[in-house]
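Scroll down for the structure; my scribbles are underneath it.
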Amino acid sequence: IGTLAAGSMPPEWLAAARSAFDAILHELWDGNTLFQSARNGTRKHLATLDGYASLIESAILLHALTAETGYLSQARALTDSSIRKFWNGEADAFDFTSRDARDIIVRSCFGTDDATPNGNAVMASNLLKLARLADDASYEDKANRIIGRFSAQALQQPLAYATMLNAAALRADTIEAV
């Protein structure tokens, strides 16, 4: 969604990004929980942190491109849900799996990128942006806690923590809502 929206030079790309976002919300979001899949109207498998983080990032980007407040509202609802379901106060970061998932032996909490950007790192960026857009300091506090949690490892292994370092750079930049 973000790629379509960010490259929205042709208007149909932005329309496709909006359509994809709306379809995901309709099919996979029940207003409280995001699911990983759906078939014939049946939602299955709880989404991981990465799913929430990517959809929130898309909502923020669509809000920035369209100035439609509905996207900001969706970003906040998804963020608040992710905090309730994934935030690990002892680790100062998000767990990869929801606490609603009952068949998990070990809940992992990590900040390294793999083939995709890390959910904690994407959430740190999302939280920093939402803190400014929604004027909510609690989002910024969580972002700072995530970045602080992984900063020592990121400095020792910068390639493994590229997205987290981007979040730290975003924190240092001034973000201005227009």
Filter result for the condition that a residue is part of a strand (DSSP E or B) and of a type in the set (Phe, Trp, Tyr), over PHE35, PHE96: PHE35
The listed residue being closer than 30 Å to SER151 by Cα and either part of a loop (DSSP other than H, G, I, E, B) or without any contact (Cβ under 8 Å) to a residue 24 or more places away in the chain (or both), out of THR79, THR112: THR112
Pick from segment 101-118, criterion at pLDDT 95 or above and in contact with a Ser or Thr (Cβ under 7 Å, 6 or more places away or on another chain), ranking: least open to solvent (accessible area, probe 1.4 Å): ASN118
Criterion: under 15 Å from the mean Cα position of the chain (by Cα) and at pLDDT 95 or above - qualifying residue of ALA124, ALA137: ALA124
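Search segment 160-175 for residues being in a loop (DSSP other than H, G, I, E, B) and of a type in the set (Val, Ile, Thr), and hand back the single one that is modelled with the highest pLDDT.
If we take residues in segment 160-175 being in a loop (DSSP other than H, G, I, E, B) and of a type in the set (Val, Ile, Thr), then THR174 is modelled with the highest pLDDT.
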When residues of segment 13-59 are limited to those that are in contact (Cβ under 8 Å) with a residue 24 or more places away in the chain and of a type in the set (Phe, Trp, Tyr), the one nearest to ASP95 (Cα to Cα): TYR52
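Of the residues LEU28, LEU65, LEU78, which single one is of a type outside the set (Lys, Arg) and surrounded by 20 or more Cβ atoms within 10 Å (Cβ to Cβ)?
LEU78
In segment 144-158, what residues are in contact (Cβ under 8 Å) with a residue 24 or more places away in the chain and either part of a helix (DSSP H, G or I) or within 16 Å of LEU128 (Cα to Cα) (or both)?
Step one: filter segment 144-158 for residues in contact (Cβ under 8 Å) with a residue 24 or more places away in the chain, giving 144-150, 153-154, 157.
Hits for segment 144-158 are ASN144, ARG145, ILE146, ILE147, GLY148, ARG149, PHE150, GLN153, ALA154.
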Some residue of segment 86-97 being open to solvent by 30 Å² or more (accessible area, probe 1.4 Å) and within 17 Å of TYR52 (Cβ to Cβ): yes
Residue check for ALA59: buried (at least 22 other Cβ atoms within 10 Å of the Cβ), at pLDDT 95 or above and among the hydrophobic types (A, V, I, L, M, F, W, C): yes
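The values are calculated or read from the model by the stated rules, or taken from the named source; none is laboratory data. Values in this document were obtained by computation on a predicted structure and should not be read as measured data. As a convention, Cβ positions derive from the backbone with ideal geometry for all residues, glycine included, and neighbour counts pool all protein chains shown. The accessibility values were calculated without ligands, DNA or RNA, using every heavy atom of the protein model including side chains. Shrake-Rupley method; radii C 1.70, N 1.55, O 1.52, S 1.80 Å.
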